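Engineer: Below is one structure. I have some questions about it.
The values are calculated or read from the model by the stated rules, or taken from the named source; none is laboratory data. For clarity, every value in this text was computed on a predicted model and none was experimentally measured. Cβ: placed from backbone, ideal geometry, glycine included. Neighbour counts: every protein chain shown.
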Amino acid sequence: MIVSTGVLRAIGGAPNVHLDVLASPANAPVLSHEPLVHDVLVLNRASWRSVWRSVQDMRARDYDVVVDCMPTAPSVTTLLLMLASGARRRVGTAGRGLDELYAPVIASLPLAAHIVDHLALFIAPFRADAALVSPAPVIALTPDESAQAELVWAPAVTSSASAQAPLRLLVNISAGKTSRRWPLDSYAAVIAAARTRVPALQLCVMSAPDEQALGESLATMTQGRYVRTRSLREAFALVSRADALFTPDTSIAHAAAAFRVPTVDMLLSGKASQWGLYHAPGINLESPDDALTSLQVSVASAALQQVLTDVMHRLPHSSDALAHPTAA
């Protein structure tokens, strides 16, 4: 859903378009405050009653067009929902065995193209200036969400009003799949090396709720602070106020790209071209094989130090906070 947000905003901002989005309970919050999405319909596939209500709701709205936002592979569930919507026209990409269902059929991209570029193909049927519109992810936060996140990050009061504010480094350790987990000792080693490069470093650690114990352990190991996020929106806001992010490939990396937060994104082999940072500051790293544990600490450490150095050079009065290069 995050990688779709720029495309949805482009379509929703087209003349005479009233855009609704069908979402799951898990990804619906991404669009909670998106100004160019009129309504978010929530479909819980685990409940037949919910499915039936969603179908009835879609048909009652009398849609003109439904878009198949699965451009890289056919989905039987998506196909059935498109047909059930009752929309008079269907938009989708060619070459997936469903061409006869679409009008128009959009020429597809090579599979290795970035997922955002695949999704951006859906803008052209709705607006003539599609080539001028950015499809890059974007997440709308409320002022209150941003303010609450700023309170989390706000540094302790210093003795000098002119003291350099510490650089805010957020480390996320969770990525869902076992293959994308990285050892805590590796995270700790990378953070320790980062502190030799940027001594004025404010470290926050985050994780999925079911990995809170691991997050707290890493925070203890690195003299950082574990931040428990109670919702997806709260996690997004925390990311938005960071100066830099270090994370395995997950939704948090895409959220950082949406907020233009410089990021080191650790991906599995072969995944960066399609799922890496999209036109956003930072570095995509790939493991040598299909397990993130094979990614060497020295490689990740060098990437994070480069990102932190770039951030510090863009901040005012950064020279005092940036240490001389140290071998890691």
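Engineer: Against the condition at positive phi and either modelled with pLDDT of 95 or more or small (G, A, S) (or both), how does G224 come out, does it pass? Before the answer, list the steps.
Structural biologist: Details: at positive phi: no; either modelled with pLDDT of 95 or more or small (G, A, S) (or both): yes.
No, not satisfied.
Engineer: Still on this model: Please find, within segment 63-78, the residue that is surrounded by the fewest Cβ atoms within 10 Å (Cβ to Cβ) out of those that are touching a residue at least 24 places away in the same chain (Cβ under 8 Å) and part of a loop (DSSP other than H, G, I, E, B).
Structural biologist: The qualifying residue surrounded by the fewest Cβ atoms within 10 Å (Cβ to Cβ) is D64.
Engineer: Further question: Restrict the check to segment 294-305 and report whether at least one residue is in contact (Cβ under 8 Å) with a residue 24 or more places away in the chain, of a type in the set (S, T, Y) and either crowded, with 19+ Cβ neighbours inside 10 Å or within 23 Å of S4 (Cα to Cα) (or both).
Structural biologist: Yes: one or more hits.
Engineer: Also: Among R230, R314, R241, which is at pLDDT below 95 and within 27 Å of P209 (Cβ to Cβ)?
Structural biologist: On inspection, the qualifying residue turns out to be R230.
Engineer: Another one. Sort out which residues of segment 79-129 are without any contact (Cβ under 8 Å) to a residue 12 or more places away in the chain and more than 24 Å from R59 (Cβ to Cβ), and write them in order of number.
Structural biologist: Selection gives D99, P110, A128, D129.
Engineer: Does V7 qualify as being outside any strand (DSSP E or B), surrounded by 16 or more Cβ atoms within 10 Å (Cβ to Cβ) and modelled with pLDDT of 95 or more?
Structural biologist: Against the criterion (outside any strand (DSSP E or B), surrounded by 16 or more Cβ atoms within 10 Å (Cβ to Cβ) and modelled with pLDDT of 95 or more), V7 qualifies.
Engineer: Out of all the residues in segment 45-55, is one or more under 22 Å from V7 (Cα atoms) and under 27 Å from the mean Cα position of the chain (by Cα)?
Structural biologist: no
Engineer: List pairs: first residue in segment 11-26 and in a loop (DSSP other than H, G, I, E, B), second residue small (G, A, S) and at pLDDT 95 or above anywhere in the structure, Cβ distance under 6 angstrom, at least six positions apart or on different chains.
Structural biologist: Once the first residue is in a loop (DSSP other than H, G, I, E, B) and sits in segment 11-26, its partners that are small (G, A, S) and at pLDDT 95 or above give L19/G12.
Engineer: Quick check on F259: is it under 25 Å from R195 (Cα atoms), aromatic (F, W, Y) and within 11 Å of the chain's Cα centre (by Cα)?
Structural biologist: yes
Engineer: Does segment 49-62 include one or more residues that are under 23 Å from F236 (Cα atoms), modelled with pLDDT of 90 or more and part of a loop (DSSP other than H, G, I, E, B)?
Structural biologist: There is no residue in segment 49-62 that is under 23 Å from F236 (Cα atoms), modelled with pLDDT of 90 or more and part of a loop (DSSP other than H, G, I, E, B).
Engineer: Right, next: All but one of (1) of a type outside the set (D, E); (2) modelled with pLDDT under 95; (3) farther than 30 Å from G13 by Cβ hold for A94; state the number of the condition that does not hold.
Structural biologist: (3)
Engineer: Restricting to segment 15-33, give me the number of residues that are in contact with a helix residue (DSSP H, G or I) (Cβ under 9 Å, 6 or more places away or on another chain) and either among the hydrophobic types (A, V, I, L, M, F, W, C) or within 17 Å of R127 (Cβ to Cβ) (or both).
Structural biologist: Counting residues in segment 15-33 that are in contact with a helix residue (DSSP H, G or I) (Cβ under 9 Å, 6 or more places away or on another chain) and either among the hydrophobic types (A, V, I, L, M, F, W, C) or within 17 Å of R127 (Cβ to Cβ) (or both) gives 9.
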